[in-house]
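Quick notes on the structure that follows.
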Amino acid sequence: YRHALVPVMKQENDALLEQIRQYHLQVTSAFRYIRKQSKTLIKRDKIDVKAFLKEDEAVRDDAIAYLIEKNNLNFSYRVVQKIKSIMASKRPNLTHPLNNRYTFVKSYDEAYVERLKPINQKRVQLQPGKVSFENVAIFTFLDDSDPKTAEATKLCYNKLAFPLWIRHRRDGDLLSYSYGHKKLKKLLIDRKVPLEKRKELLIITDNEDNILHIPGFYLNETLGDENEVFFLVEQEK
């Protein structure tokens, strides 16, 4: 370019190089302003979706690019446009893969890049007393009305398929109610629970995988009232 094209182009325009320099300065200045605006949309590595949708197209594109760049990932114009359409969608929870280890997540009013984790199908058997689950929580399981259970959740039942288990959420999980069944996914949508919180849910089931209790979200009240057990959940220290 420098040896072959530029000399020819300068024959047509002596001021070519100066014009190119000025254009470069203008583009650089514009980019700096757009990047400054983009950064205002991102707090704690998450994009504020509502604020994002109010911005100019150039700022939207750059905010997405900036967030992906912060995670040292490659991207293309097509990927940015796809993610931009996800951000504008009325659907609250959407994802778009960036590569085999990262995905872009829109969850209600936030959007972020998430490192994919292997699906964990582990489950732990509940024993009377305290049981630790993946260094996340401590479950206290009691079958009497000891004063210590004052803050515990009481589950009433006639018959249960023991032993009981703790696990994470799975696709197709169903909850039992007096009127029938409801998908756990539907409950979480109704409660507007973000995707990252859904993955952290801890579920207590019986030995036949019937869901008995989800701390903070659900208690099975269809099992009768002849017997009772108590659950107390604490964050692991």
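The values are calculated or read from the model by the stated rules, or taken from the named source; none is laboratory data. If you're wondering where the values come from, they're calculated on a predicted model, not measured in any experiment. Here the Cβ positions follow ideal geometry from the backbone for every residue, glycine too, while neighbour counts run over all protein chains shown. To get the accessible areas, we keep the full protein, side chains included, count just its heavy atoms, and leave off ligands, DNA and RNA. Shrake-Rupley method; radii C 1.70, N 1.55, O 1.52, S 1.80 Å.
For (1) of a type in the set (Lys, Arg); (2) at pLDDT below 85; (3) farther than 30 Å from Ala51 by Cα, each residue gets a yes or a no:
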{"residue": "Lys117", "(1), (2), (3)": "yes, yes, no"}
{"residue": "Val124", "(1), (2), (3)": "no, no, yes"}
{"residue": "Ala137", "(1), (2), (3)": "no, yes, yes"}
{"residue": "Pro147", "(1), (2), (3)": "no, yes, yes"}
{"residue": "Cys156", "(1), (2), (3)": "no, no, yes"}
{"residue": "Lys159", "(1), (2), (3)": "yes, no, yes"}
{"residue": "Tyr177", "(1), (2), (3)": "no, no, yes"}
{"residue": "Leu187", "(1), (2), (3)": "no, no, no"}
message: Name the single residue that is surrounded by the fewest Cβ atoms within 10 Å (Cβ to Cβ) among those in the stretch 86-97 being closer than 24 Å to Lys117 by Cα and aliphatic (A, V, I, L, M).
response: Leu94
Filter pass, Phe141 being closer than 12 Å to Ile204 by Cα and at pLDDT below 90: yes
- prompt: Which of (1) part of a loop (DSSP other than H, G, I, E, B); (2) over 25 Å from the mean Cα position of the chain (by Cα) does Ser176 not meet, given it meets every other one?
  reply: (1)
- prompt: When you go through Lys192, Lys154, Lys185, Lys159 one by one, which is the residue that is assigned to a helix (DSSP H, G or I) and open to solvent by 30 Å² or more (accessible area, probe 1.4 Å)?
  reply: Lys185
- prompt: When you go through (1) open to solvent by 60 Å² or more (accessible area, probe 1.4 Å); (2) free of Cβ contacts under 8 Å to residues at least 40 places away in the same chain; (3) out of contact with any Leu (no Cβ under 7 Å at 6 or more places or on another chain) one by one for Arg169, which number turns out not to apply?
  reply: (3)
task: Please specify each residue of the stretch 46-61 satisfying the condition of being more than 19 Å from Thr95 (Cα to Cα) and either touching a residue at least 40 places away in the same chain (Cβ under 8 Å) or buried (at least 16 other Cβ atoms within 10 Å of the Cβ) (or both).
output: Glu55, Val59
- request: Take the stretch 62-85 and flag every residue that is of a type outside the set (Gly, Ala, Ser), open to solvent by 40 Å² or more (accessible area, probe 1.4 Å) and more than 20 Å from the chain's Cα centre (by Cα).
  value: Asn74, Phe75, Tyr77, Arg78, Gln81
